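The numbers here are math on the coordinates, done by the rules we state, and not lab data. Bear in mind the structure is a predicted one, so any value in this text is a computation, not a measurement. For neighbour counting, all protein chains shown are included, and Cβ atoms are generated from backbone atoms with ideal geometry for every residue, glycine included.
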Amino acid sequence: MKILILNHNQERLGTYWRCFFFAKQLSSLGHNITMICASGKRFDLLIRTKQINQKFKIITLPRICYHKYFTGQALLRLPLTCLLVLILKYDLLYAFTVAQPQIAIPAIVSKIIRKKTLIIDWDDIWGKGLGLYHGHLINSIFYFFERKTLLFADKITYVSCLLGKEIKKLGFSHKAKKFPNGADYQNIKPITKTEALKKLHLDKNKKYLLSLGNTYTTSLNLLITSFQLAAKKVKNLQLILVGAAQAPVNLSKNIICQGSRPYQEIPYWLSAADILVLPMENNLFEKARFPIRLGDYLCAKKPIISNAVGEVKYYLKNYHCGLITKSNKKELTQAIIKLSQNPSLGKNMALRARALAKNELSWITIGQKLEIWLTNKN
């Protein structure tokens with residue numbers, strides 16, 4: 001089967017990874033995959049093609065960053081994507097994040113004009129969720145497309161129980177199925193801490209708390225405050241932030257901001273850490289999502305601390321592979337101190353985390369189930 005995947009993200013950010021790993025697994029099962037996304041460059045006027053494997057290629061569209069939230073979606077990528085869905089050869093269109101008009105409109109064009117099978121994926125709440133950070137008008141547009149485009153779908157995939165409930169309210173549960181985000185356990189393997197510290201030029205006498213993340217809201221401030229309180233009790237404790245998220249200015253010397261790092265370097269950062277922390281907020285957006293980094297954390301075979309909600313809370317709690325706190329600085333601080341001073345407490349958590357990554361939440365397992373469901377015409 002020839003499958004065309006539409007994603008609004010730039011390369012290597014957010015839902016891009018969900019699309020990428022779905023595509024990679026489907027291509028390994030014999031399907032020909034073309035994935036369209038935005039260029040990872042801040043300024044790129046070209047349409048480029050990258051061959052990932054014999055059956056999987058990525059087409060990147062132009063991107064011009066003239067504002068944080070405006071990078072050429074409407075003026076450049078919307079008309080180009082509409083053109084591509086009209087001229088490319090494919091049997092099935094798989095549209096991710098239809099809250100974004102540059103995905104929803106081409107998806108509808110494909111369904112109505114070319115009469116192609118349309119699968120829609122829902123992995124974040126945009127309308128009344130992420131859209132609230134974009135202003136009232138944009139939020140309303142997201143809310144409209146996020147829900148109305150589902151009318152055109154032959155099938156729907158979604159990432160969380162909360163989104164499943166939303167789909168049920170809309171009357172589409174009969175054609176929807178949950179597929180979580182997975183873990184790349186084959187490429188993210190535990191490395192000895194000594195080797196990781198040497199590779200990254202980190203101090204072997206320090207204890208490291210690590211947080212991966214390209215996007216945070218106020219949870220980053222919660223993490224930093226909790227860490228600073230814990231550092232008063234735990235000697236030589238340092239926090240490492242890896243990702244494109246903008247950290248507050250004037251951070252203390254025991255907080256290391258690494259910025260975005262190459263994917264192949266991530267296992268070293270995970271292995272250098274003593275504890276992995278995943279800060280969250282108790283809101284609709286966080287409950288609806290499934291952070292990709294959870295899969296990376298599980299692969300690393302390290303104890304995890306999170307003031308978890310939604311899917312993160314479900315997996316950490318039911319598989320006993322993390323320490324869950326309430327969403328306040330007191331409990332998060334106490335958890336950091338507890339695991340820092342008693343490393344043996346996290347050993348069994350770490351073992352169970354790696355087992356979950358290798359089995360139920362491996363991208364291979366998820367991809368096999370997805371392929372069966374997508375190709376089943378019942």
Looking at the chain from every direction and averaging, what is the projected area of its Cα convex hull in nm²? 18.2
For the residues ARG261, ARG289, ARG42, what sequence is obtained by ranking on other C-beta atoms within 10 Å, fewest first? ARG42, ARG261, ARG289
Per its Cα gyration tensor (rounded if a/c is under 1.5, else prolate when a/b beats b/c, else oblate), the range 261-362 is best filed as rounded
Cα gyration tensor shape for the range 193-358, rounded if a/c is under 1.5, else prolate or oblate: rounded
Apply the Karplus parameterisation 6.51 cos²θ - 1.76 cosθ + 1.60, with θ equal to phi minus 60°, to every residue of the range 136-147 and state each ³J(HN,Hα) to the nearest whole Hz, in sequence, with x for glycine and proline. 4, 5, 5, 4, 5, 5, 4, 4, 4, 5, 4, 9
ASP203 to TYR133: extension gain in nm, 0.36 nm per residue of separation minus the Cα-Cα distance? 21.3 nm
Under 18 Å by backbone N from the virtual spin label 7 Å along Cα-to-Cβ at ASN53, the residues of the range 15-43 are 17-36
Quick shape check on the range 176-253: root eigenvalues a ≥ b ≥ c of the Cα gyration tensor, a/c under 1.5 is rounded, otherwise prolate if a/b tops b/c, else oblate, and it reads oblate
How high is the FRET efficiency from ILE87 to ASP154, r the C-beta distance, R0 30 Å, rounded to 0.05? 0.90
Sequence-distant residues sharing a close amide H with LYS207 (under 5 Å, placed H): LEU237, GLN238
Which of ASP154, ASP121, ASP296 fluctuates most in a GNM of the chain (C-alpha springs under 10 Å)? That residue is ASP154
Alpha carbon centroid spacing (whole Å) that separates the range 138-170 from the range 222-293: 31
Going by amide H atoms built from the backbone, whose H comes under 5 Å of the H on ILE305, apart from near neighbours? LEU276, VAL277, LEU278, LEU323
How much of the DSSP bridge set in the range 1-148 is antiparallel, in percent, rounded to the nearest 5? 30
